[in-house]
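The values are calculated or read from the model by the stated rules, or taken from the named source; none is laboratory data. Small disclaimer: the values here were computed from a predicted structure and weren't measured. FYI the Cβ positions are ideal-geometry reconstructions off the backbone, even for glycines, and counts take in every protein chain you see.
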Amino acid sequence: MIFLRALLFLLLFASPIAAAETYDLIFRQGSLTGLPQTDVLTYDRRVDVETNPEYSARHTGHVELTFEPDDMARLQFVQDEKHKLLGRFPATVGNPIIMYFVETVLRDVAHEAGGSPFYIRNRIKESLLLQVPVVEADVAFGDQTVAAKQIVLRPFETDKSRDKMGAYADLSLTFTMSEQVPGWYSSLVAQAPGKEGAPGYSNSLTLLPTGEAEK
């Protein structure tokens, strides 16, 4: 996950002047501050690629965030009995799940659309710095309803090369964030349409209430 660490540096330590509200909400610093070190944040991860079911199954599971000494956060991918370390990151900076989400969307799009990962990364990065509407919403979290903020980005909406991206030209990234859920991110969803308007690609991370992952 070398790229994930590079993305963490480029995005969290950059100082964008424009679109400060959008950027600061998506990459909120201190989003893990105050959480008990014994907490485990579990995100349900679902990947659906219409044309590649094997790829979908291989990347669907759970992502667990745990805390380690010296203010570090650890991410691991869990699928049945298999555990894969994704990386360790400074917990004081923010929740690294946002970096994991962006990096995996970039990887998926490059893999399926066949484009340059560097080109796709730059378009996604540029979209993260745009000023876009922040929508107030009520979302479900377990048996509760919590107040949240939602931001939708469309990285290739006006891109000059969108005709080469196929269905991924209409890729959307939806960030749902709430003060009332641990770690700030309620859900992170990337989607692109498939044939006849059906979902062609989806990559989602949804925070599970404590204990729900074991059900």
Practice problem: Considering only residues that are assigned to a loop (DSSP other than H, G, I, E, B) and of a type outside the set (D, E, K, R), look in segment 56-93 and name the one that is farthest from the chain's Cα centre (by Cα). | Solution: Pro69
Quiz item: Just wondering, is there one or more residues in segment 94-104 that are closer than 20 Å to Val63 by Cβ, polar (S, T, N, Q) and in a loop (DSSP other than H, G, I, E, B)?
Solution: yes
Practice problem: Quick one: in segment 124-144, of everything that is among the aliphatic types (A, V, I, L, M) and not in a strand (DSSP E or B), which residue is farthest from Ala113 (Cα to Cα)? | Solution: Val134
Exercise. Hey, can you tell me all the residues within segment 145-173 that are of a type in the set (Lys, Arg) and part of a loop (DSSP other than H, G, I, E, B)?
Key: Arg154, Lys160
Quiz item: Applying the selection to segment 179-201, what residues are assigned to a loop (DSSP other than H, G, I, E, B) and acidic (Asp, Glu)?
Solution: Glu179
Quiz item: Name the pairs: first residue in segment 125-139 and touching a residue at least 60 places away in the same chain (Cβ under 8 Å), second residue of a type in the set (Gly, Ala, Ser), Cβ to Cβ under 7 Å, at least 6 apart or on different chains?
Solution: Leu129/Ala18; Leu129/Ala19; Leu130/Ala19; Gln131/Ala18; Gln131/Ala19
Practice problem: Starting from residues that are among the aromatic types (Phe, Trp, Tyr) and over 20 Å from Thr210 (Cα atoms), keep the ones in segment 46-95 and report whichever is surrounded by the most Cβ atoms within 10 Å (Cβ to Cβ). | Solution: Phe89
Exercise. Only residues that are crowded, with 16+ Cβ neighbours inside 10 Å and either modelled with pLDDT under 90 or under 19 Å from the mean Cα position of the chain (by Cα) (or both): list them for segment 29-39, please.
Key: Ser31, Leu32
Quiz item: In this structure, is Thr176 farther than 17 Å from Ala113 by Cβ, part of a strand (DSSP E or B) and either free of Cβ contacts under 8 Å to residues at least 12 places away in the same chain or of a type in the set (Phe, Trp, Tyr) (or both)?
Solution: no
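Let's see how each residue does on (1) among the small types (Gly, Ala, Ser); (2) touching a strand residue (DSSP E or B) at 6+ places or on another chain (Cβ under 7 Å); (3) buried (at least 20 other Cβ atoms within 10 Å of the Cβ); (4) within 29 Å of Leu65 (Cβ to Cβ):
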{"site": "Gly115", "(1), (2), (3), (4)": "yes, no, no, no"}
{"site": "Lys125", "(1), (2), (3), (4)": "no, no, no, yes"}
{"site": "Val134", "(1), (2), (3), (4)": "no, yes, no, yes"}
{"site": "Ala137", "(1), (2), (3), (4)": "yes, yes, no, yes"}
{"site": "Gly166", "(1), (2), (3), (4)": "yes, no, no, no"}
{"site": "Leu173", "(1), (2), (3), (4)": "no, yes, yes, yes"}
{"site": "Met177", "(1), (2), (3), (4)": "no, yes, yes, yes"}
{"site": "Gly194", "(1), (2), (3), (4)": "yes, yes, no, no"}
{"site": "Ser202", "(1), (2), (3), (4)": "yes, yes, no, yes"}
